[in-house]
Structures are given as C-alpha cells and as structure tokens.
There are 2 protein chains.
Amino acid sequence: MMISMRSKYALKALAFLARSKEKETFLIAELAEAEHIPKKFLEAILLTLKSQGILASRKGPGGGYSLAKAPAAITIGSIIRTFEGDMAPVHCLSEQARGGECPECIDHATCGIRLVMTDVHQALASVLDVVTLAEMVERSDFERQKLSRQLDYSI
Amino acid sequence: MMISMRSKYALKALAFLARSKEKETFLIAELAEAEHIPKKFLEAILLTLKSQGILASRKGPGGGYSLAKAPAAITIGSIIRTFEGDMAPVHCLSEQARGGECPECIDHATCGIRLVMTDVHQALASVLDVVTLAEMVERSDFERQKLSRQLDYSI
DNA sequence: CACGAATCCTATTTGTTCTATGGATTATTT
DNA sequence: AAATAATCCATAGAACAAATAGGATTCGTG
C-alpha cells in the first residue's frame, strides 16, 4: 500500500512551490536540486501534474513551473490520484470499472471483500480528499516552530 | 493502492473456511475449485497463512487446511498484512524502518508528507484492524438475505 | 513396511510496473 | 540568430506480481 516515488516527488515539489513566497516560478533544475529529485524524472512528473491542471508552465527564458491554483485548492488526494489512479483497493471499486466486477469475482453482489474494501476506500478518501497542499505545508511549518522553540528552551 | 491477488485469494479462501459449518478441514484442491483460484498458487498462499498462525494444516490422508482461530479472532488487517507488509503508505512509517527515515528524506522531523500519511495510515488501520473475518462473512450473508427478500417480493 | 494422499519446499518463467536516463524537438525571450 | 527552457519520445534496468513445475517430505492405512 506504499505510494510510489512519483507521488512522493510530486508532493515534495508541489510543497516547495506552495512554501515559496519570494518567487512564483521555478525551473525544473531548481526544484530538482532543492528537493533532491532526479531532474529527468521530475521533468516527467511535472508534465503529468500540468496535464491534470495542477501546475502551469512557460517555456523559454524566464519560464518555468508554477502552481496553477492556490495551495488551499489542491487536495493531497488529487495529487496522489494523478499517479496512483483512483485509490480503489480492489478493481470493482475503481472508476475505470464503472460498476463492473473484478475479473475473478464469482458473486459481485454479495462479495464480502468488496463490502469491507468500500469502507477502506471511504476511510482513505476521508483523509486525502480533505487535506490540502496548504494544510500539509502548515503542519510542516508548525513542526518546525515546535522544534525551534524546544531549541530555545534548551539554551 | 490495490491489494494483490495473493491477498484477495487469501481472503476468499479464509472466508470460505469461515462460512463452512459442515466441515472443518478442506483440501487445497477443494478450496481452489470452490473459489476459482489456481491451485499451485493457492498452495503457496495457504502456506504463508499457516506461518502466520492463521491457518493450521495436517498432511497425509484425511489432512488439509483449517482455521487456526475463530473467525471473530482474525482481523482483515492481519490477513492483508501477511502479504502486503505493514500498510505504511511511506517507508518512514513502516515497522521495518524502526523510527527510521525514508531514504530520500531531507528533514524527517518536519516532513509534511509523513505527517499527512500518518493520518492515512491511522485511517486504514482503524478499518482493517477492527473488522474481522467473521464480520466480513456476516456482511456478505446479510447482502445475500437482502437479495433473496427482494426476489420474494418480486414474485 | 509399502503405498498413496496430501502438504511442503525450491526454483523458474513470464509479464508488468517503477525508476530513471538520453537525445531530439519546440517555444520564448533577447 | 542565439540562448534558454520546457516538451516529447524512446528505452534500459530493476523490482515485483502471478503463475507454474517438479520434487521432497510427512502421514495414515492396509
């Protein structure tokens, strides 16, 4: 149930963009270096995020990538779905299989696995579709502040 | 985030055993045929479940597999963990990495991804560690009854 | 003890996905 | 035109998933 490196790198790059107040637009190379992501790999990831309307880009000198929406309007779920597909634990709950069954399913209507996995799917979505990129960055900042306070006390 | 065929097959076979009142012990071949699972593949799966203390087996004539505990004492989470590992969405939340970091992590303490994924992990566990094999079968039976009632009305 | 029933074990195959890279192309600014 | 930067295309290598093959081991029974 691990998320892929793609998703992680996407989250890192997007968080970096959301955190940056000074500048709006960054080069692939800048993002790659800042977050320690293989540049060529990140390139493909950013392109995918653009195709999903999460990022915007401009070519040529002065170009680069920037967020297409406010961080508060980007859910973590929408980012992860971009790379992991809908997060259905079983095929029959996937949107691609519109109301369809798992290939190996014997009795779709009474399948206990489907019934339980529906709850799992719901639990996942209830976190990922609610938390936004903005909140993720806020929580990170909050931890940072906590740490620096602890450092102050210890001095 | 899909579970593997292994996990699905395991759930199917275990549900079959939990549902069976007449008999306690079944041959691999019986389980394989009943649930449409490749026999050799199922063989390996059942062996793994045995190593986790979920199944018991006896060799030789009259042998076969049976549940090692009551269905109400087997959580769906324990079954899935057998094949998917702990269900940590990121490496740093896995038990193998005891308090460790993701290999690519820059600042573990303030990592926003980790903070959000902790919630995800929690949400997953809150379903899978609570629902048991017995409950899964009950829910399936309940759906079956609903359907047969609908059939009665329509006649 | 010998035989057959059944699980147990090791290895291999096959296909797919994940991670990553290289090289050529297109758009934009100066 | 020249430089800059994203874009597109192709593919290699590793890891993993699903399934299969073949034999080894254990157990009950005649």
Hydrodynamic calc, the range A:5-149: Kirkwood Rh from Cα pairs, then Stokes-Einstein at 4 °C with viscosity 1.567 mPa s, so D in µm² s⁻¹ is 76 µm²/s
If each label sits 7 angstrom from Cα along the C-beta direction, how far apart, in nm, is A:ALA73 from its counterparts in the other copies?
5.6
Given label points at 7 Å from Cα along Cα→Cβ, what nm distances, shortest first, separate B:GLY85 from the same residue in every other copy?
2.0
How far apart, in nanometres, would the label points at A:GLU43 and A:ALA125 be if each is projected 7 angstrom from Cα along the Cα-to-Cβ direction?
3.7 nm
Once phi is turned into θ = phi - 60°, what whole-Hz ³J(HN,Hα) does the Karplus curve with 6.51, -1.76 and 1.60 give for every residue of the range A:29-46, x standing for Gly and Pro?
4, 5, 4, 4, 5, 4, 10, 6, 10, x, 4, 5, 5, 4, 3, 5, 5, 5
Restricting to aspartates and glutamates and to Cα separations under 15 Å from B:LYS40, and discarding same-chain partners fewer than 8 apart, the set is B:GLU30
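So which of B:LYS50/B:LYS146; B:LYS23/B:LYS146; B:LYS23/B:LYS69; A:LYS21/A:LYS50; B:LYS21/B:LYS69; B:LYS39/B:LYS146 end up more than 23 Å apart by C-alpha?
B:LYS50/B:LYS146; B:LYS23/B:LYS146; B:LYS39/B:LYS146, as the Cα separations exceed 23 Å there.
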3J(HN,Hα) from dihedral phi, the range A:47-63, Karplus parametrisation 6.51/-1.76/1.60, rounded to Hz, x for glycine, proline
4, 5, 5, 5, 4, 8, x, 8, 10, 10, 9, 9, 7, x, x, x, x
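Which loop-located GluC sites (Glu not before Pro) does the range A:1-62 contain, where loop means any DSSP state but H, G, I, E or B and the Cβ has at most 16 other Cβ atoms within 10 Å?
On the way: sites: A:GLU22, A:GLU24, A:GLU30, A:GLU33, A:GLU35, A:GLU43; in loops: A:GLU22, A:GLU24.
Those that pass, being in a loop and sparsely packed, are A:GLU22, A:GLU24.
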Just to verify a number: FRET efficiency for B:GLU95 and B:ASP152, C-beta to C-beta distance, R0 = 45 Å, to 0.05?
0.35
Residue by residue, what Karplus-based ³J(HN,Hα) values in Hz, rounded to whole numbers, does the range B:107-120 have, using 6.51, -1.76 and 1.60 with θ = phi - 60° and x for Gly and Pro?
10, 3, 4, 10, 5, x, 4, 4, 4, 5, 5, 4, 5, 4
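With N residues in the protein assembly as shown, what two-decimal value do you get for its Cα radius of gyration over 2.2 N^0.38 Å? Intermediate values should be presented prior to the final figure.
Values: Rg = 23.5 Å, N = 310, 2.2 N^0.38 = 19.5 Å.
Rg over 2.2 N^0.38 Å, computed on Cα atoms: 1.21.
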Give the carbon-plus-sulfur fraction of the accessible surface of chain A in %, rounded to a whole number; probe 1.4 Å, heavy atoms of protein chains only.
54 percent
For the range B:7-149, report the accessible area per residue in Å² (1.4 Å probe, heavy atoms, rounded to an integer).
49 Å²
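In deg cm²/dmol, rounded to 500, what helix-only [θ] at 222 nm does the protein assembly as shown give when every DSSP H run of at least 4 residues adds -39500 (n - 2.57) and the total is split over its residues?
Numbers: 12 runs with 168 residues, N = 310.
Rounded to the nearest 500, the figure is -17500 deg cm²/dmol.
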Name the chain B residue nearest the rotation axis between B and A, going by Cβ position, and give the distance in whole Å.
B:ALA123, 2
Which one of A:GLY60, A:ILE74, A:ALA44 is farthest out on the positive end of the charge dipole of chain A, using unit charges on Cβ (Lys, Arg +1; Asp, Glu -1) and the Cα centre as origin?
A:GLY60
Net charge over other residues, Cβ less than 11 angstrom from the Cβ of A:ILE54 (K, R count +1; D, E count -1)
+3
Taking a label point 7 Å from Cα toward Cβ, how far is A:ASP152 from its twins in the other copies, in nm, shortest first?
7.0
Total accessible area lost when B and A pair, probe 1.4 Å, Å² to nearest 100
4200 Å²
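The values are calculated or read from the model by the stated rules, or taken from the named source; none is laboratory data. Nothing here was measured: the structure is a model prediction, and the numbers come from that model. Virtual Cβ from ideal backbone geometry, glycine too; neighbours counted across all protein chains shown. Ligands, DNA and RNA are stripped out before the accessible areas are found, and what is left, the full protein with its side chains, is counted by its heavy atoms. Shrake-Rupley method; radii C 1.70, N 1.55, O 1.52, S 1.80 Å.
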